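**Student:** Below you'll find the structure I mean.
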Number of protein chains: 2
Amino acid sequence: MKPKEEFHLKQCRQKIRAIHDTLDVLNGKWKISIISCLCYAPMRYSELLKEVHGISGKMLSRELKDLEMNNLIKRNVLDTQPVVVKYEITEYGSSLKELTNVIADWGIKHREKIINS
Amino acid sequence: MKPKEEFHLKQCRQKIRAIHDTLDVLNGKWKISIISCLCYAPMRYSELLKEVHGISGKMLSRELKDLEMNNLIKRNVLDTQPVVVKYEITEYGSSLKELTNVIADWGIKHREKIINS
DNA sequence: CCGGATCCTCGTGGATACTG
DNA sequence: CAGTATCCACGAGGATCCGG
């Protein structure tokens, strides 16, 4: 193998490892949507349940717990009656905003392509 | 609700729909890695099996079939003995390159953050 | 070498009912 | 309102063997 190819291959492997690292944190089909949603505004549990279309209550609470563990979102319990819980994105979580934008942009293009074919 | 908030909410919903569209095509934990790999060079089945670390043969062939159906990659059977099969990225598939870069970049940052904490 | 077929396991995820 | 608990179905995904 030529040195140049070998270099490319090394880059490729590093990239795959990095992608795997990201997907470990954002696994499942909901987490990116939740992050994207909370990038716009803090939201309550019930609001997320409506906005993230198709998610069930169990999955939402599970995913929220995961995201909180990874310090991507923050859970705020407001001291009211009845209880109100607000989820908001952390500073670290907002570093994912570009990622969500790129994914959403491609989705829009893809949808157009499907419709036109 | 104020008009401005309502506008934001609309944007948010559209974005979530777009994200879902993308994830429908790139579901599972392997497709993005495969795409990223083929962005570097066309590869054979057995090469991908080594490069995409952890994937099993069954999953690889299944994912490749999915990606081919969505016109993101192309399967080339070379007329040799024994048979050689090369997978390469299509023009449409290469429109995902930016996406893979952004995901990989975040993965690298995230790994650094984990190590430093 | 490139997979397909088969069998098996386990996690994902929905539905529903229930608690504070 | 904001979840938890339980039950259940289904598909993801691994292991292994087989065929062109």
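Results for (1) among the aromatic types (Phe, Trp, Tyr); (2) facing another protein chain (nearest Cβ under 9 Å); (3) surrounded by fewer than 16 Cβ atoms within 10 Å (Cβ to Cβ), shown as yes or no for each residue.
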{"site": "B:8", "(1), (2), (3)": "no, yes, yes"}
{"site": "B:20", "(1), (2), (3)": "no, yes, no"}
{"site": "B:39", "(1), (2), (3)": "no, yes, no"}
{"site": "B:55", "(1), (2), (3)": "no, no, no"}
{"site": "B:62", "(1), (2), (3)": "no, no, yes"}
{"site": "B:66", "(1), (2), (3)": "no, no, no"}
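Matching residues to (1) of a type in the set (Lys, Arg); (2) more than 15 Å from DNA strand C (Cβ to nearest atom):
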{"position": "B:33", "(1), (2)": "no, yes"}
{"position": "B:38", "(1), (2)": "no, no"}
{"position": "B:50", "(1), (2)": "yes, no"}
{"position": "B:55", "(1), (2)": "no, no"}
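**Student:** For segment A:61-84, name all the residues that are of a type in the set (A, V, I, L, M, F, W, C) and within 21 Å of residue B:13 (Cα to Cα).
**Tutor:** A:64, A:67, A:72, A:73
**Student:** Do you know which of the residues in segment B:68-86 that are in contact with a helix residue (DSSP H, G or I) (Cβ under 7 Å, 6 or more places away or on another chain) and within 14 Å of chain A (Cβ to nearest Cβ) is farthest from DNA strand D (Cβ to nearest atom)?
**Tutor:** Once the filter is applied, the top-ranked residue is B:72.
**Student:** May I pose another question? Considering only helices (runs of 4 or more DSSP H) fully contained in segment A:1-74, which possess at least 3 residues that are in contact (Cβ under 8 Å) with a residue 12 or more places away in the chain?
**Tutor:** A:31-40, A:45-51, A:57-69
**Student:** If the Cβ limit is 7 Å and pairs must be 6+ apart or interchain, which residue in segment A:89-110 that is at the interface with chain B (Cβ under 7 Å from one of its Cβ atoms) and over 17 Å from residue B:97 (Cβ atoms) pairs with which residue that is in a helix (DSSP H, G or I) and of a type in the set (Val, Ile, Thr)?
**Tutor:** Filtered contacts from segment A:89-110: A:96/A:35; A:100/A:32; A:100/A:35; A:100/B:19.
**Student:** If I filter segment B:80-94 for residues that are modelled with pLDDT of 95 or more and assigned to a helix (DSSP H, G or I), do I get at least one hit?
**Tutor:** yes
The values are calculated or read from the model by the stated rules, or taken from the named source; none is laboratory data. Please read these numbers as outputs of a predicted model, since none were measured by experiment. Here Cβ is always computed from backbone atoms with ideal geometry, including for glycine, and neighbour counts include all displayed protein chains.
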